[in-house]
1. Any idea what the dipole of the chain comes to, in debye rounded to 20, about its Cα centre with Lys/Arg Cβ at +1 and Asp/Glu Cβ at -1?
2. All other residues with a Cβ under 11 Å from the Cβ of Ile150 taken together, and with Lys, Arg as +1 and Asp, Glu as -1, what is their net charge?
3. Hey, what do the phi angles of the range 276-284 turn into as Karplus ³J(HN,Hα) couplings, whole Hz, using 6.51/-1.76/1.60 and θ = phi - 60°, x for Gly and Pro?
4. What's the center-to-center distance, using Cα atoms, between the range 204-222 and the range 47-121 in Å?
5. Need the full-extension length gain, His240 to Ala366, defined as separation in residues times 0.36 nm minus the C-alpha distance. One decimal, nm.
6. Over what distance in Å are the Cα centres of the range 376-410 and the range 275-310 separated?
7. Just to verify a number: FRET efficiency for Gln26 and Asp134, C-beta to C-beta distance, R0 = 35 Å, to 0.05?
8. For a quick check: with amide H placed at 1.01 Å from N, whose amide H comes under 5 Å from Val105's, ignoring anything fewer than 5 positions away on the same chain?
Amino acid sequence: MQAHAVKVAVVGAGITGLAAGYEAAQAGAEVVVYEATKRAGGRLLTTELAGQPVDEGADSFLARVPWATKLCQDLGLEAEIVTPAQQTAFVYSRGALRALPQPNVLGVPLDFDALAVSGIISSNGVHRACQEPDLAGSPLIGDESIGKLIRKRLGDELADQLVDPLIGGINASSIDHLSIWAAAPQLAEAASRGHSLVRELRRLAASSTTNPAQPVFFSLRNGLGRLTDELANRLGDRLHLLSPVIKLNDLDADRVILALPSDTTSTLVTTVSTTAADLLRRIDYASVALVSLAFDASKVNHPMAGSGYLVPATEGLTITACSWASSKWSHIGSANTVVMRVSTGRYTDDRAMLMDDDDLLAAIQADLATTMGLDVKPHTVRFSRWKRSLPQYRPGHLELIADIEQTLARDVPWLQVTGGWARGLGVATCIHQGQQAARASMSQNKLAR
């Protein structure tokens, strides 16, 4: 007799769940992907703004890891991959937009002369940072916050004006609360090799085989929603929308993959492992609002030669970043239209989320006037509010994830849990995590329910 195909249920149709479902289907499983809402894709969403396809969430994926690029190739989307038209990024610091010093690794400068020329931090701040290679210390052992390491090695000013806007901005958090191993593994690896962070980063850069001229990010010509739409199309009737899962026992499957936020995962897991459920509840989230704006190009008098800029929390403004989307991506905007995407919100800073649309727009316009001297009104505005969307990786986060995985392997061997809350936020990492969950579910040594 021929063995029946393994039945795999995937709960959640964000990019992680879609990648998991597609991977399991390609491996020959009988797959059903359940999504509670009316569309697949989660926080990858592309909609029209002033006639242009503009992403409402993430707008790119890492080019220097293979997972997203390979998936696009497998789906026949390789010809649609685009690279940024502009690479230069700025920081609003000391009353002006100033280019990030190059080279740097997650905001840590490798050239102190370039740091001084940038003007991002004061001469005293530069002097403090220059002491780092000769500063006494010891290699990183274990986990700690990014802020603790950077402040100790390079000083508060560089931490606040350079590293926090970049890493804190990505995570909608503060580097003083973020795990270095979970949120900045490049820095953690360097810090664990020797006492000088800058010297070790320079050594790693010198030994890297990556071509520095290659792009860091890719996107798709019609937005990243194109990727999730194609995955949904490939899954076809195996994707069940408007199909919330209330109990794991309701699923007709041999293996189950939960690709949901950690709090929703915790609720479902409670009936099969109270220990894992309790661990999952330890992960907190930040809420953010991304506001897309379209302007008459003739009225925008600020130079747009760059990808955009970051705003340090120390500035006290509402916005955390502004992407010059129509300069960054050649497929957005036109000769007549300038498109910007403005980010707001950080962990424990819910000012933007508490404002109504009119008040939030007014606050953003005031900040654009402060940072760019832009005092014209947009002709089109779109608000994208993402409540509890960015998981917070506290020191010890990876140990927490290992505890969750080990507990479930013991209590519920037919269950995999994954998502951006686990081992990385980026689109490519979420794809990889979904694919890994599918492979683990399909492995020979996994028990059926």
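Just so it is clear, none of the values below were taken in a lab; they were calculated from the coordinates. All figures in this text were calculated on a predicted structure; none of them were measured in a lab. Every residue, glycine among them, receives a Cβ derived from its backbone with ideal geometry; neighbour counts consider all protein chains shown.
1. Working: 41 positive and 46 negative charges, 113 e Å.
Once rounded to the nearest 20, the dipole reads 540 debye.
2. On the way: positive: Lys148, Arg151, Lys152, Arg153; negative: Glu132, Glu144, Asp156, Glu157, Asp160, Asp164, Asp176.
Value of the local net charge: -3.
3. Taking θ as phi minus 60°, the curve returns 5, 4, 5, 5, 4, 5, 6, 7, 9 Hz for the range 276-284.
4. Measuring centre to centre over Cα atoms gives 10 Å.
5. 41.0 nm
6. Computed from Cα coordinates, the inter-centre distance equals 13 Å.
7. The computed FRET efficiency comes out at 0.05.
8. Here the answer is Leu110, since their amide H atoms fall under 5 Å of that of Val105.
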